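Read through the structure below, which is laid out as structure tokens, and then see the notes.
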Ligand code: NAI
């Protein structure tokens, strides 16, 4: 099969397995080119197949030889469907982890369900006894409450008033006018139900009750705070309300974990990057493309792997944490630079289709989008006939 990208509404519905392999390999090479560090032994990652979760898995596996268990929701390839990028990322993480002599395990299915939690706990009990770290890096648009059976859909909306802006039309490399509608109170509550801390706490409570947490156990969930330039669409929007709930959940769990395990529940705010989840947020991609340009010019730009390697090596397991007034870890510190944000705001107010290439790094932004789907790597031959039948036989362990 010759695989070319097919993009609809900023979602790539075809992915390239060999490009996904390259994406995983490059992140591993980055970590291997850095200092190794002393970190956790047994790690459970919820949402470790792409974006920040995958970068966390690679940082810990290849940075400090952690054993990693990943739970992700991915689609395997079938007939002429290429499957999801996260599926191939899992396949190739396993490929390189095996070569490096690391221990790993993948569960593919719904992390919100009790069945999945039971399966993972049975595995932990049998293989490891206890875990030292749980990373919560899930991004989803729906969740079925395992106790009531009710399904909640999250929305990416503003609160109180409609917000107008642009999004990036990836296919045509253009700006497209976009509106973010104001959410109803029910939509806000539903988004909190999906992307808030409820499921994170269920995981921790169940692992605690089953006596699967080690002395010194830590857990971290990822949030985005951004700056005034994005407050209306994120921090003060529906997703921001869900992230506030994540903060509140950490505040509830932290003293309990401290007392029982000398452990901690952490929140880490990350930098805006291109992921499957983030390009879908209305208006956010334009901010991202401007940010990329300015941070690259300033020499402060980081991708997911640089962010997560720094978070674990310097902050969670290191001596250089950057902590804010409510105890969040802040590897997004470089994005927060005031002068940088002033410039972003100014450009956002003036950007249009005539000056788009001059004022933003739209090419770099789109290239990152292509890369997370396995395209745009100069060393992958996209005219090569890919033997999907053979690749589809690879099973995840
Ligand atoms: P992503 O789309 O790359 O990854 C989402 C992960 O969640 C994937 O592994 C996917 O398989 C998994 N997932 C989704 N539904 C699932 C389910 N029902 N069961 C099991 N796994 C499921 O997203 P990204 O951007 O890496 O997001 C991860 C976290 O990082 C989110 O909490 C997000 O808010 C946060 N974050 C992202 C930023 C960004 O710019 N991308 C910035 C700051 C924070």
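The values are calculated or read from the model by the stated rules, or taken from the named source; none is laboratory data. Predicted model, so just to flag it, every value in this text is computed and none were measured. Methodologically, a virtual Cβ is constructed for each residue, glycine included, from the backbone with ideal geometry; neighbour enumeration extends over all protein chains shown.
Among the helices (runs of 4 or more DSSP H) contained in the stretch 283-397, which hold 3 or more residues that are surrounded by 18 or more Cβ atoms within 10 Å (Cβ to Cβ)?
In the stretch 283-397, the matching helices (runs of 4 or more DSSP H) lie at 284-298, 304-310, 338-350, 362-372.
What are the residues in the stretch 148-178 that are loosely packed, with under 14 Cβ neighbours inside 10 Å, in contact (Cβ under 8 Å) with a residue 12 or more places away in the chain and farther than 19 Å from residue 365 by Cβ, if any?
Hits for the stretch 148-178 are 153, 160, 161, 162, 164.
Any residue in the stretch 136-156 that is part of a loop (DSSP other than H, G, I, E, B), over 30 Å from residue 69 (Cα atoms), more than 22 Å from the chain's Cα centre (by Cα) and modelled with pLDDT of 95 or more?
No, the stretch 136-156 contains no residue that is part of a loop (DSSP other than H, G, I, E, B), over 30 Å from residue 69 (Cα atoms), more than 22 Å from the chain's Cα centre (by Cα) and modelled with pLDDT of 95 or more.
Return the total of residues in the stretch 252-281 being closer than 19 Å to residue 53 by Cα and either part of a helix (DSSP H, G or I) or near the ligand (Cβ under 8 Å from one of its atoms) (or both).
Going through the stretch 252-281 one residue at a time, the tally reaches 12.
Among the residues that make up the stretch 43-61, is at least one of them surrounded by fewer than 22 Cβ atoms within 10 Å (Cβ to Cβ), out of contact with any strand residue (DSSP E or B) (no Cβ under 7 Å at 6 or more places or on another chain) and in a loop (DSSP other than H, G, I, E, B)?
No.
Check off (1) more than 25 Å from residue 151 (Cβ to Cβ); (2) modelled with pLDDT of 95 or more; (3) surrounded by fewer than 22 Cβ atoms within 10 Å (Cβ to Cβ); (4) more than 13 Å from the ligand (Cβ to nearest atom) for residue 205 and give me the number that stays unchecked.
If we test residue 205 against (1) more than 25 Å from residue 151 (Cβ to Cβ); (2) modelled with pLDDT of 95 or more; (3) surrounded by fewer than 22 Cβ atoms within 10 Å (Cβ to Cβ); (4) more than 13 Å from the ligand (Cβ to nearest atom), just (1) comes out false.
Within the stretch 67-87, which residues are crowded, with 24+ Cβ neighbours inside 10 Å, over 17 Å from residue 116 (Cβ atoms) and away from the ligand (no atom under 12 Å from the Cβ)?
Result: 82, single match.
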